Amino acid sequence: MSLDEFFVTGDPMILASQIAIALTMVGLVALITYLKRWKWLWSEWFTTVDHKKIGIMYILAGVLMFFRGGVDGLLMKAQTSRPEMGILDAQHYDEIFTTHGVIMILFMAMPLLIGIMNVVIPLQIGARDVAFPKLNALSFWLFFVAAMLFNISFVIGGSPDAGWTSYFPLAGKEFTPGVGNNYYAISLQIAGIGTLATGINFVVTIIKMRAPGMSWMKMPIFTWTTFITSIIIVAAFPIFTVALLYMSLDRLFGTHFFTVAAGGDPMLWLNLFWLWGHPEVYIVVLPAFGMFSEVIATFARKNLYGYKSMVYAVAGIAFLSMLVWVHHFFTMGNSAAVNSIFSLTTMMIAIPTGVKIFNWLFTLRKGRIEFSTSMLWALAFIPCFTIGGVTGVMLAMAAADYQYHNTMFLVAHFHYVLIPGVVFAVFAGLYYWWPKMFGFKLNEKIGKWHFWLFVIGFNLTFMPMFFVGLDGMSRRMYTYAESTGWGCMVRLLSSWFLNNGSWFRCTCLQYLLEFPLCVTESRK
Amino acid sequence: MSAHTSRFPWNLLVGFVLSIALTLLAVFVTFYTDFSSSVILWIIGAFAIFQAIIQLFMFMHVTEGKEGIINVINIVNSMILALIIIFGTIWVLTSGHAAM
């Protein structure tokens, strides 16, 4: 293999990234050597089994991946901001929406939440560490290696390009013969094993290591949601492991699990993917619900309204999460009975979720509300998430879904669920628990700028997508004609391009600039 | 402890006898009856499940001790999940597009 087959060549943006990556690596090595920090880094961080340090490394990696996924998002938005834009070609656009999806779910949302779980859960239940500290470190390094492997795909060998769902037959080797989708199969396998180990770790920690006297119904609500999330992880991730194994065998060794030829069935991939994929959505959103519950109760200065109903609602969501997967592919042409049953189970999820929304609202009622930064994130979450939830019920109706399926309406819906549900929660949680990690509070003034820019930018970005979606714009289209009429709407979208930029600028400022500032302050 | 050991372990004996009886019954149904092979499979499958339950209760004491309730919840949960995954997949993949 010659060198120009090994590296991706021919695109100036990718060339720039390759140079930037090389310079950053050289720079980092030089900086660490200059500061004589190698030994410290090795003994204090790389080989640590301390849950707090592992949690902090998870969070750092998650913020890094948030940046990478965010740049992918910005590129997509730049490309679709006007009709017939030429920033990205079709192949490059496919690669970018694929990596954006995978990175944001598996390498941004998961590590940020697991990081906060790592820091907070042992403290909340009064344990010295998690049940299996070495396994915990192994989980982190499996995740980290998987994330890095996935991330180099765009400069070495070529990115996966079949969407974050990697549907067969497109993801099969007949249609995508390059190495791109092998990166998907193998790096997600590694990350998945790490996550599974984390799930087991937290189930055992929470069952076995609670302080004496902390009975089940006395556990903090974040511990509850983490516990139930871990159970879903243990239930759902093995399905993904098996599906990815079949995918690897199909792609690398020519088996026929998901091919059209030789008796395979591409729909089996969709089925297995979403059997894991739907619970995965709850895996990322349930710990977030727990964080919001803690934050809202604290800054409303009241006990959480309806603690028990909250616990039952989370358990109900966990149970239903395994019963709804077909709603992701109503349009596969299934029988009326299948589609109706899965419509019903999907709509049933709105009931426990609604219970939780009302619990938060009643917790706020007559509370002495303090508008701290983390409370602001929690307050913004409620209306934004409700929009996402209600549009979800629209999508849950199988008959109507034939209209909405794979349009920008769907894209807007899941961004309205996942960004308030996960990103807002992570921010709320970080502001809230930051002193537990670093011993000082984050600056409220910068925090409020961060909050307002992010929330306004988020709404300006994704609200118009509902409307272009209803006008018929499909997702994953790298360009469109002027005559579609989407341009006008999308030009409105392009205005948030700026706002979007400010999200990331602000987030990065917050963490990059303020962090050393605060460290020096706290040392005075 | 001494009171525990001096008592005759009736449930162990019952479990042992039932296990042997179920195994012999399975042999009998397989070799000495005229049912079709699918019926035989269903019958011996039912015997196997029954025997698994006997083993869990009589010998492995799933319901006893501090972790009894957790064990039972765990087993029931795993079985529900396995059934959902297996029968859900078969149903979804055979009822619609495959029938075309």
The one condition in (1) more than 8 Å from chain A (Cβ to nearest Cβ); (2) over 16 Å from A:ALA235 (Cβ atoms) that B:ILE73 fails to fulfil: (2)
Test: B:THR30 is closer than 30 Å to A:GLY264 by Cβ and either within 14 Å of chain A (Cβ to nearest Cβ) or surrounded by 11 or more Cβ atoms within 10 Å (Cβ to Cβ) (or both): no
Members of the range A:442-487 found to be free of Cβ contacts under 8 Å to residues at least 12 places away in the same chain and under 24 Å from A:CYS384 (Cα atoms), listed by number: A:LYS445, A:TRP452
Evaluation of A:ALA16 against (1) within 26 Å of A:VAL179 (Cα to Cα); (2) surrounded by 11 or more Cβ atoms within 10 Å (Cβ to Cβ) (one fails), failing number: (2)
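Rundown of residues vs (1) within 14 Å of another protein chain (Cβ to nearest Cβ); (2) within 25 Å of A:VAL203 (Cα to Cα), yes/no style:
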| position | (1), (2) |
| --- | --- |
| A:SER248 | no, no |
| A:PHE253 | no, no |
| A:GLY263 | yes, no |
| A:LEU270 | yes, no |
| A:PHE273 | yes, yes |
| A:GLU280 | no, yes |
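Restricted to the range A:257-305, and to residues that are assigned to a helix (DSSP H, G or I) and of a type in the set (S, T, N, Q), which residue is farthest from the chain's Cα centre (by Cα)?
Residues of the range A:257-305 assigned to a helix (DSSP H, G or I): A:261-263, A:266-299.
With of a type in the set (S, T, N, Q) added as a condition, the list becomes A:271, A:293, A:298.
Details: A:ASN271: 21, A:SER293: 20, A:THR298: 26 Å.
Going through the qualifying residues, I end up with A:THR298.
Would you point out which residue out of B:LEU93, B:LEU83 is surrounded by fewer than 11 Cβ atoms within 10 Å (Cβ to Cβ), under 30 Å from A:PRO266 (Cβ atoms) and within 11 Å of chain A (Cβ to nearest Cβ)? Quick ask: steps written out before the conclusion?
Values: B:LEU93 fails: surrounded by fewer than 11 Cβ atoms within 10 Å (Cβ to Cβ).
Of B:LEU93, B:LEU83, the one residue that is surrounded by fewer than 11 Cβ atoms within 10 Å (Cβ to Cβ), under 30 Å from A:PRO266 (Cβ atoms) and within 11 Å of chain A (Cβ to nearest Cβ) is B:LEU83.
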Where a residue in the range A:370-384 is surrounded by fewer than 23 Cβ atoms within 10 Å (Cβ to Cβ) and its partner, wherever it lies, is modelled with pLDDT of 95 or more and aliphatic (A, V, I, L, M), with Cβ under 7 Å and at least six apart: A:MET375/A:VAL295
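For the range A:465-472, indicate whether the set of residues that are out of contact with any helix residue (DSSP H, G or I) (no Cβ under 7 Å at 6 or more places or on another chain), under 29 Å from A:GLN91 (Cβ atoms) and part of a helix (DSSP H, G or I) is non-empty. Don't jump to the end; show me each part of the working.
If we filter the range A:465-472 for residues that are out of contact with any helix residue (DSSP H, G or I) (no Cβ under 7 Å at 6 or more places or on another chain), which is where we start, we get A:472.
Narrowing the set further to residues that are under 29 Å from A:GLN91 (Cβ atoms) leaves A:472.
Going one step further and asking which of them are part of a helix (DSSP H, G or I), we end up with none.
No; the residues of the range A:465-472 include none that is out of contact with any helix residue (DSSP H, G or I) (no Cβ under 7 Å at 6 or more places or on another chain), under 29 Å from A:GLN91 (Cβ atoms) and part of a helix (DSSP H, G or I).
Does A:MET310 meet the test of being away from chain B (no Cβ under 11 Å), more than 24 Å from A:GLY192 (Cα to Cα) and more than 17 Å from the chain's Cα centre (by Cα)? Before the answer, list the steps.
Values: away from chain B (no Cβ under 11 Å): yes; more than 24 Å from A:GLY192 (Cα to Cα): yes; more than 17 Å from the chain's Cα centre (by Cα): yes.
Taking the combined requirement at face value, the residue satisfies it.
Within the range A:297-355, restricting attention to residues that are aromatic (Phe, Trp, Tyr) and under 17 Å from A:GLY392 (Cβ atoms), which residue is surrounded by the most Cβ atoms within 10 Å (Cβ to Cβ)? Walk me through it before giving the result.
Keep residues of the range A:297-355 that are aromatic (Phe, Trp, Tyr), which gives A:299, A:305, A:307, A:312, A:319, A:325, A:329-330, A:342.
Within this subset, residues satisfying the condition of being under 17 Å from A:GLY392 (Cβ atoms) are A:325, A:329-330, A:342.
Details: A:TRP325: 28, A:PHE329: 21, A:PHE330: 23, A:PHE342: 23.
Of everything passing the filter in the range A:297-355, A:TRP325 is surrounded by the most Cβ atoms within 10 Å (Cβ to Cβ).
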Qualifying residue in the range A:68-87 (condition: modelled with pLDDT under 90 and of a type in the set (Asp, Glu)): yes
Checking B:LYS66 against (1) part of a helix (DSSP H, G or I); (2) within 12 Å of chain A (Cβ to nearest Cβ); (3) out of contact with any helix residue (DSSP H, G or I) (no Cβ under 9 Å at 6 or more places or on another chain), the condition it does not meet: (1)
Hey, A:ALA171 at pLDDT below 95, outside any helix (DSSP H, G or I), of a type in the set (A, V, I, L, M) and within 21 Å of the chain's Cα centre (by Cα) or not: no
Set A:THR507, A:THR461: member being surrounded by 15 or more Cβ atoms within 10 Å (Cβ to Cβ), at pLDDT 80 or above and of a type in the set (Val, Ile, Thr): A:THR461
Close pairs (7 angstrom Cβ cut-off, 6 or more residues apart or separate chains): away from every other protein chain (no Cβ under 14 Å) in the range A:211-236, surrounded by fewer than 16 Cβ atoms within 10 Å (Cβ to Cβ) and in a helix (DSSP H, G or I) anywhere: A:MET217/A:LYS308
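Do we have any residue at all in the range B:50-70 that's without any contact (Cβ under 8 Å) to a residue 12 or more places away in the chain and aromatic (Phe, Trp, Tyr)? So that I can check it myself, show each step before the final result.
Keep residues of the range B:50-70 that are without any contact (Cβ under 8 Å) to a residue 12 or more places away in the chain, which gives B:52-53, B:60-61, B:63-70.
Still in the running and aromatic (Phe, Trp, Tyr): none.
No, the range B:50-70 contains no residue that is without any contact (Cβ under 8 Å) to a residue 12 or more places away in the chain and aromatic (Phe, Trp, Tyr).
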Extreme residue, surrounded by the most Cβ atoms within 10 Å (Cβ to Cβ), among residues of the range A:1-12 that are under 13 Å from A:HIS92 (Cβ atoms) and touching a residue at least 24 places away in the same chain (Cβ under 8 Å): A:VAL8
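The values are calculated or read from the model by the stated rules, or taken from the named source; none is laboratory data. This one's a predicted model, so the numbers in the text were calculated from it and none came from an experiment. Quick reminder, even Gly has a Cβ in these numbers, built from the backbone with ideal geometry, and neighbours come from all protein chains shown.
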